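Notes for the one structure printed next.
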Amino acid sequence: MKVKEIMTSPVICAQIDTLAGDVAKLLAQHKISAVPVTDREGTVVGLVSEYDLLARTGQYARDIMSPGILSVNEETDIDAVRSLLIERRIRRVPVMAGQRLVGIVSRSDIVRQMAVQWYCDVCGEPVRGERRPQSCPKCSAPGARFTQDPHPPGV
């Protein structure tokens with residue numbers, strides 16, 4: 001499964017000259033824990049998280065953001081992102097299409113994807129993911145042949 005299948009899009013962002021208080025309002029209003037920070041051309045230059053708001057002082061997003069963030073592209077495999085989040089101990093990664101921000105994928109996006117399991121009616125192959133697979137990776141049956149497990153894993 002690829003990042004584009006589970007990423008959150010569109011992304012709530014702040015510009016470098018957004019007031020720190022307005023960044024806090026964005027997080028509260030949208031019930032999110034961080035926002036990418038963009039420059040005037042729309043290039044992602046950092047990220048402001050709840051931690052940044054609590055631990056750093058400054059008037060603008062540029063003053064409190066964490067610069068030099070990692071990013072992935074839409075075709076990145078979810079397992080690669082999961083490893084990146086674990087190894088780097090980060091909570092989210094912006095998704096880029098060239099220089100353009102197209103989404104963000106977080107730990108919670110991956111956990112949600114893990115919680116749903118589908119079964120191929122033809123061969124019984126299990127596939128985890130929020131959305132019905134397009135085809136079976138084992139027997140190539142079409143996605144319409146998949147049914148969702150009524151009991152999430154661990155229940």
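The values are calculated or read from the model by the stated rules, or taken from the named source; none is laboratory data. Not measured: the values here are computed from a predicted model. Virtual Cβ from ideal backbone geometry, glycine too; neighbours counted across all protein chains shown.
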**Qualifying position, being under 30 Å from Thr147 (Cα atoms) and outside the structural domain of Gln134 (by TED's automatic domain parsing), among Asp17, Asp77** = Asp77
**Request:** Check segment 81-91 and report whether any residue there is in contact with a Gly (Cβ under 8 Å, 6 or more places away or on another chain), closer than 22 Å to Ile12 by Cα and of a type outside the set (Gly, Ala, Ser).
**Result:** no
**Item:** Failed criterion for Arg40 (all others in (1) without any contact (Cβ under 8 Å) to a residue 60 or more places away in the chain; (2) part of a strand (DSSP E or B) hold)
**Value:** (2)
**Prompt:** Which of the residues spanning segment 70-98 are of a type in the set (Ser, Thr, Tyr), out of contact with any Pro (no Cβ under 6 Å at 6 or more places or on another chain) and surrounded by 12 or more Cβ atoms within 10 Å (Cβ to Cβ)?
**Reply:** Thr76
**Request:** Could you list all residues from segment 70-124 that are under 14 Å from the mean Cα position of the chain (by Cα) and under 18 Å from Gln134 (Cα atoms)?
**Result:** Glu74, Glu75, Thr76, Asp77, Ile78, Gln113, Met114
**Prompt:** So Val11 clears everything in (1) in a strand (DSSP E or B); (2) in contact (Cβ under 8 Å) with a residue 60 or more places away in the chain except one condition, right? Which one?
**Reply:** (1)
**Fill in**
Only unsatisfied item for Met65, checking (1) within 25 Å of Ala24 (Cβ to Cβ); (2) surrounded by 15 or more Cβ atoms within 10 Å (Cβ to Cβ); (3) of a type outside the set (D, E, K, R); (4) modelled with pLDDT under 95, is (4)
**Request:** May I ask you to verify whether Ala28 is among the small types (Gly, Ala, Ser) and touching a strand residue (DSSP E or B) at 6+ places or on another chain (Cβ under 9 Å)?
**Result:** no
**Prompt:** Out of the residues in segment 99-129 that are under 23 Å from Ile32 (Cβ atoms) and touching a Lys or Arg at 6+ places or on another chain (Cβ under 6 Å), which is surrounded by the most Cβ atoms within 10 Å (Cβ to Cβ)?
**Reply:** Ile104
**Request:** Out of the residues in segment 1-25 that are among the hydrophobic types (A, V, I, L, M, F, W, C) and farther than 13 Å from Leu47 by Cα, state the one that is farthest from the chain's Cα centre (by Cα).
**Result:** Leu19
**Prompt:** Any residue in segment 44-57 that is aromatic (Phe, Trp, Tyr), surrounded by fewer than 20 Cβ atoms within 10 Å (Cβ to Cβ) and either touching a helix residue (DSSP H, G or I) at 6+ places or on another chain (Cβ under 8 Å) or farther than 18 Å from Ser106 by Cα (or both)?
**Reply:** no
**Neighbours by Cβ (under 6 Å, 6+ apart or cross-chain): first from segment 123-138, within 14 Å of Lys4 (Cα to Cα) and in contact (Cβ under 8 Å) with a residue 60 or more places away in the chain; second part of a loop (DSSP other than H, G, I, E, B) and β-branched (Val, Ile, Thr)** = Glu130/Val116
